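Trainee: Dropping a structure here in structure tokens format, bear with me for questions.
The values are calculated or read from the model by the stated rules, or taken from the named source; none is laboratory data. Quantities reported herein were computed from a predicted structural model and do not represent experimental measurements. Cβ sites come from the backbone with ideal geometry, for glycine too, and all protein chains shown count toward neighbours. Please note that ligands, DNA and RNA were not included when accessible areas were found on the heavy atoms of the full protein model with its side chains. Shrake-Rupley method; radii C 1.70, N 1.55, O 1.52, S 1.80 Å.
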Amino acid sequence: MAAGGAGGGGGGAGGGSLPGGRMAAGGLLQFLRLVGQLKRVARTGWVYRNVEKPESVSDHMYRMAMMALVTEDKSLSKDRCIRLALVHDMAECIVGDIAPADNISKEEKHRREEAAMQQLTQLLSEDLRKEIYELWEEYENQSTAEAKFVKQLDQCEMILQAFEYEELEKAPGRLQDFYDSTAGKFAHPEILQLVSVINTERNQKIAATCHPHS
């Protein structure tokens, strides 16, 4: 598992705020450098399955944010969904991408990520600290319709990426376990429709491999 190598430098005495709650430029730079580690933290699930050139955590979050941007569900706050997508895995710049195969309990995973989010947001002004930490909490607690939608985007983006890796490797069906792990987890109509299209295309490729002359 890739870990965020610069994690130790996040705390800093006194955090990132100046008197009056403004942000010190040094704190902002530290924050951006830590978050920049997400470009170099590979998604652990792909690493464990020996995917060549696995995506980074920031790759994953970028497409999730785009998926939120193009939702047509007017009952959701699109802006909030985009923000949740950008924040939900932010802690992984310090703790790494903890996967189910790592055999770390949900409680311990949450504890590590909570500490990382506190470390990260201490570098920001009071208002930003509160905003970003509360977004992360909202996603973790699945406390709003937006958080639930973004959680489904997270799973949907994963199986879309699995489909793309199968295509790149010319190995239809190789990453079936990622699909199995999402069974029954989709409920939003837009996401159900997208998942249906992914599955149809994927199943056609699997069938063509099994029956190449049919």
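Trainee: Do we find a residue being more than 23 Å from residue 89 (Cα to Cα), surrounded by 13 or more Cβ atoms within 10 Å (Cβ to Cβ), in contact with a Ser or Thr (Cβ under 6 Å, 6 or more places away or on another chain) and not acidic (Asp, Glu) anywhere in segment 130-138? Steps first, please.
Mentor: Going residue by residue through segment 130-138, those that are more than 23 Å from residue 89 (Cα to Cα) are none.
Checking segment 130-138: not a single residue is more than 23 Å from residue 89 (Cα to Cα), surrounded by 13 or more Cβ atoms within 10 Å (Cβ to Cβ), in contact with a Ser or Thr (Cβ under 6 Å, 6 or more places away or on another chain) and not acidic (Asp, Glu).
Trainee: Return the residues of segment 176-214 that are open to solvent by 50 Å² or more (accessible area, probe 1.4 Å), modelled with pLDDT of 95 or more, hydroxyl-bearing (Ser, Thr, Tyr) and not in a helix (DSSP H, G or I); say none if nothing qualifies.
Mentor: Result: 181, single match.
Trainee: Is there a residue in segment 166-175 that is of a type outside the set (Val, Ile, Thr), in contact with a Phe, Trp or Tyr (Cβ under 9 Å, 6 or more places away or on another chain) and within 21 Å of residue 62 (Cβ to Cβ)?
Mentor: Within segment 166-175, one or more residues are of a type outside the set (Val, Ile, Thr), in contact with a Phe, Trp or Tyr (Cβ under 9 Å, 6 or more places away or on another chain) and within 21 Å of residue 62 (Cβ to Cβ).
Trainee: What helices (runs of 4 or more DSSP H) completely inside segment 92-175 contain at least 3 residues that are acidic (Asp, Glu) and touching a helix residue (DSSP H, G or I) at 6+ places or on another chain (Cβ under 8 Å)? First the steps, then the outcome.
Mentor: Values: elements: 92-95, 106-121, 126-141, 145-169.
Fully inside segment 92-175 and qualifying: 145-169.
Trainee: Does any residue of segment 111-119 turn out to be open to solvent by less than 60 Å² (accessible area, probe 1.4 Å) and either aromatic (Phe, Trp, Tyr) or within 24 Å of residue 72 (Cα to Cα) (or both)?
Mentor: Looking through segment 111-119, none of the residues is open to solvent by less than 60 Å² (accessible area, probe 1.4 Å) and either aromatic (Phe, Trp, Tyr) or within 24 Å of residue 72 (Cα to Cα) (or both).
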